[in-house]
Amino acid sequence: MKTEILKLLRETDGYVSGQELCEHFQVSRTAVWKVINQLKEEGYQIEAVRNRGYHLLEAADVMTEAELESRMKGQWAGRNLVYYQETDSTNDRGKKLAEDGCPHGTLVVADCQNAGKGRRGRNWTSPSGEAVYMSLVLRPEILPSCASMVTLVAAMAVAEGIRQVTGLDPMIKWPNDIVVNGKKICGILTEMSAEMDCIHYVVIGIGINVNQKEFPEDIRDKATSLLLEKKESLSRSEIAAAVMESFEEFYSRYEKTGDLTLLMEDYNRMLVNTGKEVLIMAPSGNYSGTSQGIDRNGELLVQMDDGSVRRVISGEVSVRGIYGYV
């Protein structure tokens, strides 16, 4: 009931009377009063006026199960929600839930992680109250060789979700880093369980820098947060919900063809490297060329000085701008 009351307060322009809440949810005034007090304890500013009712004022950045559920608007992505105030890693929790049979679209969210994971086994600093830490469990009917494309779909969803909430213009650094004004604002880590010809599940871990005010000196020139770029604190729950809603839209297009044919144009529009000279750092040796965007398989097309085009496969290389991170 807490989720439903919170959603009703948020969607109502003005006051909602206690009697209206009682009749709507078929509960006593005492039950409504208890829920309102619980919401206040969680950080919501709720004005109570005699003979008028309750009014939700501008809320602080609250990250709770009820807040997240009240924000979700999609059909399946995030509708089955598992929330932790603190956990080791949302990806590890997602994998365990997937092994136990959780449904497609299950979303694991934590206020903080004590063992967050980045690429190549790196630790991901995950303090409380600052960022979005979430992992989405998928059960796609695709070949394991196509799974990397889902990561690009997630990158598009993050960029679009952030754009809708903040009005900023996030871009993608191929394949799945999200940048704002040339600095990284989000990392995505995809893990899966599969056999030779089928996927059991895919877990997409997403970490978005939202309300950090500063970063360690060694990454200060490469990382930023939405707060630093927007100059105001933002709701992590609202951003998480917007990303899930965007993910549903992009993923439905991906499912129609099993590749990125219907997403290439949008992805390349979001790609910060398009038309720019990039440095490809590969195990066989580094080389440079001009980024031409992606093909339908999500491979980066790089035009060489002699006019030939190389296809770069994600996971095998690192791409940087010639003169910096992007």
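The values are calculated or read from the model by the stated rules, or taken from the named source; none is laboratory data. Since we're looking at a predicted model, the values are computed, not measured. All Cβ positions, glycine included, derive from the backbone under ideal geometry; neighbour counts span all protein chains shown.
If I filter segment 216-230 down to residues being touching a Ser or Thr at 6+ places or on another chain (Cβ under 9 Å) and modelled with pLDDT of 90 or more, which single residue comes out as nearest to Gly182 (Cα to Cα)?
We begin by selecting, within segment 216-230, every residue touching a Ser or Thr at 6+ places or on another chain (Cβ under 9 Å); these are 216, 226-227, 229-230.
With the extra rule that they be modelled with pLDDT of 90 or more, the set shrinks to 226-227, 229-230.
Working: Leu226: 13, Leu227: 15, Glu229: 11, Lys230: 14 Å.
Among them, the one singled out is Glu229.
State whether the residues of segment 68-83 include one that is among the basic types (Lys, Arg) and more than 32 Å from the chain's Cα centre (by Cα).
no
Across segment 268-278, what is the total count of residues that are loosely packed, with under 15 Cβ neighbours inside 10 Å and at pLDDT below 95? Before you say what the answer is, go through the steps one by one.
Keep residues of segment 268-278 that are loosely packed, with under 15 Cβ neighbours inside 10 Å, which gives 269, 275-277.
So of that shortlist, the ones also at pLDDT below 95 come out as 275-277.
Total meeting the criteria: 3.
Considering every residue within segment 29-41, establish whether at least one is among the acidic types (Asp, Glu), within 29 Å of Ile206 (Cα to Cα) and surrounded by fewer than 18 Cβ atoms within 10 Å (Cβ to Cβ).
Filtering segment 29-41 for residues among the acidic types (Asp, Glu) gives 41.
Imposing the further condition that a residue be within 29 Å of Ile206 (Cα to Cα) reduces the set to 41.
In the following step, the residues that additionally are surrounded by fewer than 18 Cβ atoms within 10 Å (Cβ to Cβ) were identified as 41.
Yes: one or more hits.
Within segment 284-297, is even one residue surrounded by 14 or more Cβ atoms within 10 Å (Cβ to Cβ), of a type in the set (A, V, I, L, M), without any contact (Cβ under 8 Å) to a residue 40 or more places away in the chain and within 19 Å of Asn176 (Cα to Cα)?
No: segment 284-297 contains no residue that is surrounded by 14 or more Cβ atoms within 10 Å (Cβ to Cβ), of a type in the set (A, V, I, L, M), without any contact (Cβ under 8 Å) to a residue 40 or more places away in the chain and within 19 Å of Asn176 (Cα to Cα).
Looking at segment 35-55, can you tell me whether even one residue there is touching a Gly at 6+ places or on another chain (Cβ under 6 Å) and closer than 23 Å to Val165 by Cα? Spell out how you get there, then give the answer.
Residues of segment 35-55 that are touching a Gly at 6+ places or on another chain (Cβ under 6 Å), as a first pass: 53.
Subsequent filtering for residues that are closer than 23 Å to Val165 by Cα retains none.
No, that holds for no residue.
Rundown of residues vs (1) at pLDDT 95 or above; (2) out of contact with any helix residue (DSSP H, G or I) (no Cβ under 7 Å at 6 or more places or on another chain); (3) over 30 Å from Asp111 (Cβ atoms), yes/no style:
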site: Val243; (1), (2), (3): yes, no, no
site: Phe250; (1), (2), (3): yes, no, no
site: Arg253; (1), (2), (3): yes, yes, yes
site: Leu262; (1), (2), (3): yes, no, yes
site: Ser288; (1), (2), (3): no, yes, yes
site: Ser291; (1), (2), (3): no, yes, yes
site: Ile322; (1), (2), (3): no, yes, yes
site: Tyr325; (1), (2), (3): no, yes, no
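Say we look at segment 1-28 and pick out the residues that are among the hydroxyl-bearing types (Ser, Thr, Tyr) and under 33 Å from the mean Cα position of the chain (by Cα); which of these is surrounded by the fewest Cβ atoms within 10 Å (Cβ to Cβ)? If you could, list the steps in order and put the result at the bottom.
Taking segment 1-28 first, the residues among the hydroxyl-bearing types (Ser, Thr, Tyr) are 3, 12, 15, 17, 28.
Narrowing the set further to residues that are under 33 Å from the mean Cα position of the chain (by Cα) leaves 3, 12, 15.
Numbers: Thr3: 18, Thr12: 14, Tyr15: 17.
Filtering first and then ranking leaves Thr12.
If only one of Glu265, Glu229, Glu255 is within 22 Å of the chain's Cα centre (by Cα) and crowded, with 16+ Cβ neighbours inside 10 Å, which one is it? Lay out the reasoning, then the answer.
On the way: Glu265 fails: crowded, with 16+ Cβ neighbours inside 10 Å; Glu255 fails: crowded, with 16+ Cβ neighbours inside 10 Å.
Among Glu265, Glu229, Glu255, only Glu229 is within 22 Å of the chain's Cα centre (by Cα) and crowded, with 16+ Cβ neighbours inside 10 Å.
Give Tyr254, Tyr325 a once-over and let me know the one that is closer than 30 Å to Val82 by Cβ and of a type outside the set (Asp, Glu).
Working: Tyr325 fails: closer than 30 Å to Val82 by Cβ.
The match here is Tyr254.
If you check Ser308, Ser314, which single one turns out to be out of contact with any strand residue (DSSP E or B) (no Cβ under 6 Å at 6 or more places or on another chain), modelled with pLDDT under 85 and outside the structural domain of Cys186 (by TED's automatic domain parsing)? Even if it seems obvious, please write down each step before you answer.
On the way: Ser308 fails: modelled with pLDDT under 85.
Just a single option satisfies the conditions, and that option is Ser314.
What strands (runs of 3 or more DSSP E) completely inside segment 207-326 contain at least 2 residues that are farther than 17 Å from Lys173 by Cβ? Step through it out loud before you land on a result.
Working: elements: 277-282, 285-294, 300-303, 309-312, 318-321.
Strands (runs of 3 or more DSSP E) meeting the threshold: 285-294, 309-312.
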